[in-house]
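A short worksheet on the structure shown next.
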Amino acid sequence: MIEIKQSSPYPLRGVLPTDELMLSGHLACQGCGAALVMRYALKALGERTIAVIPACCWTIIAGAFPYSALRVPLFHTAFETAASAAAGIKAGLEVLGKGDITVLAWAGDGGTFDIGLQALSGAAERNDDIIYVCYDNEAYMNTGIQRSSATPWRAWTTTTPTRHPKDEPKKDMMAIMAAHRIPYAATASPAYPEDLVRKMQKAKAIRGTKFIHIISPCPPGWKSASELSVKLARLAVQTKIFPLYEVENGLKWRITLEPKGLPVEEYLKLQGRFRHLSPEEIRKIQETVDAEWARLVAKAKAEAS
Amino acid sequence: MSTKAKAKELAPDRVVAFASEREMPPLAVSLGTSLANKTGSWRYLRPVYEEKEPPCNHACPAGNDIRGFIALILKGKLAEARELLCETNPFPAITGRVCHHPCELECNRQKLDEPLSIRALERLAGDEGYNGKGLRPPRRRHKERIAIVGSGPAGLSCAYFLARKGYQVAIFEAERKPGGMLRWGIPEYRLPKAVLERELALLRDLGIEFKAGLRVGQDLRLEELQAGYDTIFLAVGATAGVELELPGGEAAGVLHGLEFLKRVNFGERVELGERVAVIGGGNTAMDAARVALRLGAKPVVVYRRTRAEMPAIPEEVEAALEEGVEFTFLAAPIEVLTANGQLKGARFIKMELGPPDETGRRRPMPIKGSEFKLELDNLILAVGERPDLSFLPEGVKLREGRVNDPVLVEALRAPIFAGGDAATGAGTVVEAIASGRRGAEAIDRHLRGLPEPEPEREPVLVPFERINLDYFEPRPRAQGRALAVPERVTNFEEIELGLSLEQGQLEAERCFSCGGCNQCDNCITYCPDVAISRHDDQYEVDYDYCKGCGICAQECPRWVISLVEEEK
């Protein structure tokens with residue numbers, strides 16, 4: 001590893017790990033949520049980590065040959081193969097007696113919800129010992145903002161223009177992963193780095209397949225101001241659109257941050273991709289969010305009793 | 001050369017170049033880092049750390065660094081908090097009790113829940129930050145001697161700041177003991193004498209000489225003062241009650257507010273009847289009514305406007321009401337009723353509010369035929385104070401700063417400065433302290449031959465809208481312990497008992513720290529470009545890599561970071 005002076009030789013906000021394993025000079029857009037979450041994830045996992053990245057924004061962000069923005073080894077792989085490539089690398093490491101190295105599959109929502117779902121399901125079914133992070137910016141952003149199955153209902157993308165906004169709801173990826181009964185699945189948000197780091201560290205300590213779903217604001221794709229990325233990541237949580245919770249063994253659901261329950265409009269109105277919404281559509285989104293939240297609370301309660 | 005060997009020699013921020021295809025590795029592998037990309041060139045907005053003025057500091061007449069001392073309390077550093085306050089105010093333990101706290105009226109926090117309890121925090125620093133040791137006398141740097149006439153807050157403050165600058169200072173006080181209005185204008189239950197004595201003792205440590213019981217103009221002529229001193233500072237206060245033109249006003253049983261307070265404060269047993277009316281709506285009226293209550297009377301305050309126009313500190317009005325003082329608004333006395341020179345009662349007339357007068361308050365106008373009578377044992381007049389300037393040549397008026405009245409300049413050789421209520425008419429402790437400090441600075445400039453300072457530029461104030469409320473939850477303001485009404489109305493014990501250190505720290509946590517960095521780390525934590533670093537208490541932006549997304553400025557809870565357009 002190339003020696004570089006760390007930029008934070010003390011714990012940020014008193015608690016966040018000091019390691020800076022992501023470097024400046026990466027090629028993410030201004031205000032990129034995906035860059036921020038990589039920074040936190042590597043802080044949590046430390047330098048004995050290998051990142052496996054399929055086609056996604058991070059393919060670009062990490063920099064072109066012969067440069068890398070990560071201070072840990074990074075393996076670029078094909079779009080549909082993040083989970084299987086990561087599982088293979090882990091198997092190889094174990095053969096080499098280096099099983100302590102964490103293998104981190106790092107994919108966007110396209111590579112997770114759509115194209116990589118089969119490989120991910122396979123790895124989860126085999127309970128391969130990897131951490132799979134989906135940084136979810138809710139569309140194929142680096143190819144030009146095409147809709148994915150993670151794109152929310154009625155959001156604008158270049159393939160779901162405002163005259164024909166997306167008519168399908170966002171796929172419930174967490175429920176799919178929980179149904180695999182993997183040992184650990186969790187959601188996280190860059191607005192809450194302490195929660196994110198705690199979940200990554202918890203995942204690192206567990207053997208088997210771990211899935212972390214991170215909301216990842218995208219200023220160009222969401223048509224939002226670059227300075228609002230953290231605020232949007234916070235509002236996603238506080239409006240219950242993207243609640244923070246974790247699931248152990250697919251059965252034990254736990255909400256890790258009690259949201260304020262702000263109106264969804266607070267979140268929607270800051271993003272150009274929702275600007276065309278009618279009050280009726282906003283009301284429907286609110287109803288859906290409230291119903292989903294009630295279901296989540298019921299799952300968390302069922303386990304607690 | 002192997003690629004491995006080459007990678008080791010690479011500087012992390014260097015561009016990797018190959019002279020020929022043969023030098024390239026057989027597969028795509030990174031040889032350098034992204035630090036080679038100076039992404040700062042993408043930026044069109046530059047984040048800059050730029051502290052701004054909090055509204056509390058701006059509102060403080062004394063110029064206290066309120067945000068600063070609260071930050072020190074938060075860290076539990078009470079002695080340092082007191083020291084910081086003492087840079088601009090010699091008596092944090094006193095203003096921490098009696099100040100009319102304009103800072104709290106401007107506090108941004110009130111738009112979220114309630115203003116910070118700044119006065120109580122100042123008292124905590126003033127009381128608990130005092131380490132029991134005296135002050136070290138400053139080095140005597142100047143040979144000039146300065147005489148200060150009047151030992152109220154303005155005179156004491158001027159003396160304090162001059163002594164700190166290294167001058168020899170003597171204070172002349174007409175009464176037997178120094179303190180002026182602090183000693184005899186403010187009742188014990190608001191400002192205990194023990195606190196005053198402690199703060200005065202600290203001034204003695206600075207080498208300030210107190211000459212009490214010498215009334216300038218009576219025991220000592222002003223002309224005699226200038227023989228021994230290079231400069232004179234007049235801070236004689238506003239000690240004379242404003243007279244009401246009331247028929248029968250000279251009857252026995254009619255008292256003047258300040259005179260009444262002074263007699264009680266000096267330990268005299270003042271006999272009052274039960275039925276006492278206090279005329280006025282200012283702090284003297286409130287003090288007189290509450291003192292009368294403690295002496296066994298059932299006072300009623302008669303004020304010619306309404307509660308909204310009362311110049312008294314609202315908390316004092318509230319406390320008077322709690323204690324059972326009655327109020328009659330929109331009425332004024334027109335005649336004192338007497339029998340054999342003794343007060344028997346008074347005739348009043350009801351008022352209504354007309355258009356605003358020159359003070360901006362609505363002018364009270366008598367309502368014809370609305371007269372009414374009250375039977376009274378005492379009538380206390382507290383309708384305002386004015387300076388007693390009888391020791392000066394006829395017709396001399398004082399204003400703050402160097403006195404250039406030709407009559408006085410003619411009469412005296414030594415330059416004279418004036419400050420405090422006698423010169424400003426402001427009427428509050430903190431404004432007197434501020435005036436005393438300005439006096440000390442003006443005298444220093446005069447004696448050292450220094451020019452007038454450039455007027456300070458109007459600072460950038462932090463408006464409430466610039467506070468990031470994502471980081472603050474409503475939380476009630478700290479309530480210090482206080483004596484309950486039955487425990488306090490029969491005696492002169494101090495009512496407010498102040499905040500504990502724990503309460504104070506909880507209260508300090510409520511401070512937005514508007515415009516002042518308190519190292520919350522949000523900027524560095526949320527930077528997607530890892531372009532901010534921290535060195536002790538300072539943050540630094542690496543403009544080689546900062547792309548100017550603005551997250552640091554947006555997520556700064558207190559508007560320390562500004563975004564400035566890059567020059568093309």
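Only the coordinates and a few stated rules stand behind these numbers; no lab work does. Since we're looking at a predicted model, the values are computed, not measured. When we count neighbours, we look across all protein chains shown, and the Cβ atoms used for this are built from the backbone with ideal geometry, even at glycine.
For q values of 0.07, 0.10, 0.12 Å⁻¹, compute log₁₀ I(q)/I(0) with the Debye formula on a Cα-only model of region A:33-304, without solvent. For the requested q values the scattering log ratios are -0.23, -0.47, -0.69.
Backbone phi angles across region B:424-429, fed through the Karplus curve with coefficients 6.51, -1.76 and 1.60 (θ = phi - 60°), yield HN-Hα couplings of 9, x, 5, x, 10, 4 Hz in residue order; Gly and Pro are listed as x. Computed over the Cα atoms of region B:90-154, the ratio of the radius of gyration to the Kirkwood radius (Rg/Rh) comes to 1.14. Taking the Cα atoms of region B:148-244, the ratio Rg/Rh between the radius of gyration and the Kirkwood radius comes to 0.98. Among the listed pairs A:LYS43/A:LYS223; A:LYS260/A:LYS299; B:LYS133/B:LYS165; A:LYS199/A:LYS284, those with a Cα-Cα distance over 27 Å are A:LYS43/A:LYS223; A:LYS199/A:LYS284.
Can you figure out the FRET efficiency of A:ASN249 with A:GLU194, using R₀ = 30 Å and their beta-carbon distance, to the nearest 0.05?
After rounding, the FRET efficiency stands at 0.80.
Region B:8-95 has equivalent-ellipsoid semi-axes of 59, 16, 9 Å, by the square roots of 5 times the alpha carbon gyration tensor eigenvalues, sorted largest first. Counting only other chain Cβ atoms within 10 Å of each residue's Cβ, the peptide B:540-547 averages 3. Taken along its principal axes, the alpha carbon cloud of region B:16-158 reaches lengths of 92, 48, 30 Å, longest axis first.
Taking every residue in A:62-75 and counting other chain Cβ atoms within 10 Å of its Cβ, the average works out to 5. Listed peptides A:202-212, B:399-409 appear in the order A:202-212, B:399-409 once ranked by packing, highest mean of other Cβ atoms within 10 Å at the front.
Scoring B:154-160, A:277-283 by mean Cβ neighbours within 10 Å over their residues and listing the highest first yields B:154-160, A:277-283. Lysine pair count for region B:242-383 with Cα-Cα distance under 25 Å and sequence separation of 8 or more or different chains is 9. Dipole magnitude for chain B: about 720 debye, using +1 per Lys or Arg Cβ and -1 per Asp or Glu Cβ, origin at the Cα centre. Treating each Cα of region A:1-145 as an identical point scatterer and summing with the Debye formula, the log10 of I(q)/I(0) at q = 0.09, 0.15 Å⁻¹ comes to -0.27, -0.76.
Taking only the alpha carbons of the protein assembly as shown, we obtain Rg and Dmax values of 36.4, 124 Å in that order.
May I ask for the net charge around B:ARG123, where only other residues with Cβ less than 14 Å from the Cβ of B:ARG123 are counted and Lys, Arg are +1 while Asp, Glu are -1?
-3
Per the Cα gyration tensor, region B:127-190 maps to an equivalent ellipsoid with semi-axes of 23, 18, 8 Å, ordered largest to smallest. Computed over chain B, the convex hull of the alpha-carbon atoms projects to a mean area of 36.3 nm². Summing Cβ point charges (Lys, Arg +1; Asp, Glu -1) relative to the Cα centre of the protein assembly as shown gives a dipole of roughly 1600 debye.
Across q = 0.09, 0.15, 0.20 Å⁻¹, region B:242-383 modelled as identical point scatterers on its alpha-carbon atoms has Debye log10 I(q)/I(0) values of -0.25, -0.71, -1.24, in the order of the q list.
Fewest to most neighbouring Cβ within 10 Å: what's the order for B:ARG294, A:ARG295?
A:ARG295, B:ARG294
Per residue, the convex hull around the alpha carbon atoms of region B:390-546 comes to 266 Å³. Put in line by how crowded their Cβ is, counting other Cβ atoms within 10 Å and starting with the fewest, A:ASP290, A:ASP129 read A:ASP290, A:ASP129. Residues whose amide H lies under 5 Å from that of B:VAL301, counting only those 5 or more places away or on a different chain, are B:VAL278, B:GLU326, B:PHE327, B:THR328; hydrogens are built 1.01 Å from N in the peptide plane. Put in line by how crowded their Cβ is, counting other Cβ atoms within 10 Å and starting with the fewest, B:THR525, B:THR338 read B:THR338, B:THR525.
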